[in-house]
Amino acid sequence: MDYKISDSEWPVMQVLWEHGPLTQPQLMQCLSREWNKNTVHTFLTRLQKKGLVDVVKTCTPHQYSAAVKREDCVYQEKQSFLNKVYQGSAGKLVSSFLQDGDLSAQEIADLRRLLDSMDDTAQR
């Protein structure tokens, strides 16, 4: 399935993944900034039409929940970014961050451990 979540819709999905199912007023309370009721309703309607949000209309107010797993959407977003910016190469992405010096010492240590463990796995 193709999960096309716009940048504006991601915060709504994040709240639903973390706290759902929620009513629209509950969702609005969880969002970190002031959102207009109509805007939230529009996003929920769009996400529902895309098959990304389920709605229970048998209760008032309606309850909304994520219809897809966060991991699936994150994976697709990651792949889309890699393909668009780095020609599908995770190595080019990592090299870019390393060259820019945007990684902390802890992140470098974590990356080194990950690469070492991948190297161990490949040698088996």
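Of note:
- Residue 94 open to solvent by less than 70 Å² (accessible area, probe 1.4 Å), among the β-branched types (Val, Ile, Thr), in contact with a Leu (Cβ under 9 Å, 6 or more places away or on another chain) and under 26 Å from residue 118 (Cα atoms): yes
- Residue selected from the range 1-22 under the condition in contact with a Phe, Trp or Tyr (Cβ under 8 Å, 6 or more places away or on another chain) and assigned to a helix (DSSP H, G or I), by the criterion nearest to residue 80 (Cα to Cα): 12
- Output for the range 69-102, where each listed residue is of a type in the set (A, V, I, L, M) and either more than 13 Å from residue 2 (Cα to Cα) or touching a helix residue (DSSP H, G or I) at 6+ places or on another chain (Cβ under 8 Å) (or both): 82, 85, 90, 93, 94, 98
- When we screen 38, 83 for residues that are over 14 Å from the mean Cα position of the chain (by Cα) and more than 23 Å from residue 118 (Cβ to Cβ), the only hit is 38.
- Looking only at residues of the range 13-40 that are farther than 11 Å from residue 64 by Cα and modelled with pLDDT of 95 or more, we find that the one that is most open to solvent (accessible area, probe 1.4 Å) is 18.
- Pair list, Cβ under 6 Å, 6 or more apart: the range 27-40 residue under 18 Å from residue 7 (Cβ atoms), other residue among the basic types (Lys, Arg) and at pLDDT 90 or above: none
- Every condition in (1) in contact with a helix residue (DSSP H, G or I) (Cβ under 7 Å, 6 or more places away or on another chain); (2) not in a loop (DSSP other than H, G, I, E, B) is met by residue 25 except one, and the failing one is (1).
- Condition met for residue 68 (under 15 Å from the mean Cα position of the chain (by Cα) and in contact (Cβ under 8 Å) with a residue 40 or more places away in the chain): yes
- Hits in the range 3-12 - residues which are among the acidic types (Asp, Glu) and open to solvent by 90 Å² or more (accessible area, probe 1.4 Å): 7
The values are calculated or read from the model by the stated rules, or taken from the named source; none is laboratory data. Just so we're clear, the structure is a prediction, and the values are computed from it rather than from any experiment. Note that each Cβ is placed from the backbone with ideal geometry, even for glycine, and that neighbours are counted across all protein chains shown. These accessible areas exclude ligands, DNA and RNA; they are computed on the full protein's heavy atoms, side chains included. Shrake-Rupley method; radii C 1.70, N 1.55, O 1.52, S 1.80 Å.
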